[in-house]
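Asks: Before I ask anything, here is the structure I am working with.
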Amino acid sequence: MLLAADYPLLNAFWTVLEIFLLVLWVWLVITVFVDIFRSHDLSGGVKALWVLFVVILPFLGVLLYLIARGGKMQERAIQHAQAQQEAFRGYVQEAAGAPVSAADQLTKLADLRDRGTITPEEFDREKAKVLSKA
């Protein structure tokens with residue numbers, strides 16, 4: 001009778017597969033926990049119930065969470081990333097001393113146009129951008 005120990009390459013393959021599945025499982029559980037706590041549409045009690053369910057019955061809890069709320073996980077992740085990007089941009093503008101108001105931005109653009117740094121077409125294009133944000 002042949003055993004798996006008779007094929008060391010097969011042992012290595014199964015070990016790598018088991019490690020891969022373990023890492024995948026840990027990543028999935030962490031992603032579910034992050035989504036639970038990131039969701040603004042869940043109350044604190046419902047979040048606590050989901051956490052308890054995932055901790056007590058991990059496979060069933062993660063599976064049911066993905067079925068019930070998995071469709072919106074990507075949308076919540078995108079919203080969170082956009083909020084972080086906006087906060088970062090605001091911080092960079094504040095730290096760089098960039099103009100905050102639309103009037104300051106238009107004054108700076110007009111100065112660049114008057115000095116010949118930008119063309120009138122570029123001025124009009126940037127002016128439209130500034131006014132659309134305001």
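The values are calculated or read from the model by the stated rules, or taken from the named source; none is laboratory data. Quantities reported herein were computed from a predicted structural model and do not represent experimental measurements. Glycine also receives a Cβ, built like all others from the backbone with ideal geometry; neighbour counts cover every protein chain displayed.
Asks: Within region 41-49, is there a residue that is at pLDDT below 90, in the same structural domain as residue 21 (by TED's automatic domain parsing) and either over 19 Å from residue 126 (Cβ atoms) or touching a Phe, Trp or Tyr at 6+ places or on another chain (Cβ under 7 Å) (or both)?
Replies: Yes: region 41-49 contains one or more residues that are at pLDDT below 90, in the same structural domain as residue 21 (by TED's automatic domain parsing) and either over 19 Å from residue 126 (Cβ atoms) or touching a Phe, Trp or Tyr at 6+ places or on another chain (Cβ under 7 Å) (or both).
Asks: Related question: Of the residues that make up region 93-107, is at least one out of contact with any strand residue (DSSP E or B) (no Cβ under 7 Å at 6 or more places or on another chain), hydroxyl-bearing (Ser, Thr, Tyr), modelled with pLDDT of 85 or more and in a helix (DSSP H, G or I)? I'd like the intermediate steps shown before the answer.
Replies: We begin by selecting, within region 93-107, every residue out of contact with any strand residue (DSSP E or B) (no Cβ under 7 Å at 6 or more places or on another chain); these are 93-107.
Within this subset, residues satisfying the condition of being hydroxyl-bearing (Ser, Thr, Tyr) are 101, 107.
From what is left, the residues that are modelled with pLDDT of 85 or more are 107.
With the extra rule that they be in a helix (DSSP H, G or I), the set shrinks to 107.
For region 93-107, residues out of contact with any strand residue (DSSP E or B) (no Cβ under 7 Å at 6 or more places or on another chain), hydroxyl-bearing (Ser, Thr, Tyr), modelled with pLDDT of 85 or more and in a helix (DSSP H, G or I): present.
Asks: Please pick out the residue among 68, 83 that is part of a helix (DSSP H, G or I) and assigned by TED's automatic domain parsing to the domain that holds residue 27.
Replies: Working: 83 fails: assigned by TED's automatic domain parsing to the domain that holds residue 27.
The conditions single out 68.
Asks: While we're looking at this one, here's another question. Checking the conditions here, which among 76, 69 is in contact (Cβ under 8 Å) with a residue 40 or more places away in the chain, within 16 Å of residue 37 (Cβ to Cβ) and surrounded by 11 or more Cβ atoms within 10 Å (Cβ to Cβ)? Talk me through it step by step, then tell me what you get.
Replies: Details: 69 fails: in contact (Cβ under 8 Å) with a residue 40 or more places away in the chain.
76 is the lone residue from the list that is in contact (Cβ under 8 Å) with a residue 40 or more places away in the chain, within 16 Å of residue 37 (Cβ to Cβ) and surrounded by 11 or more Cβ atoms within 10 Å (Cβ to Cβ).
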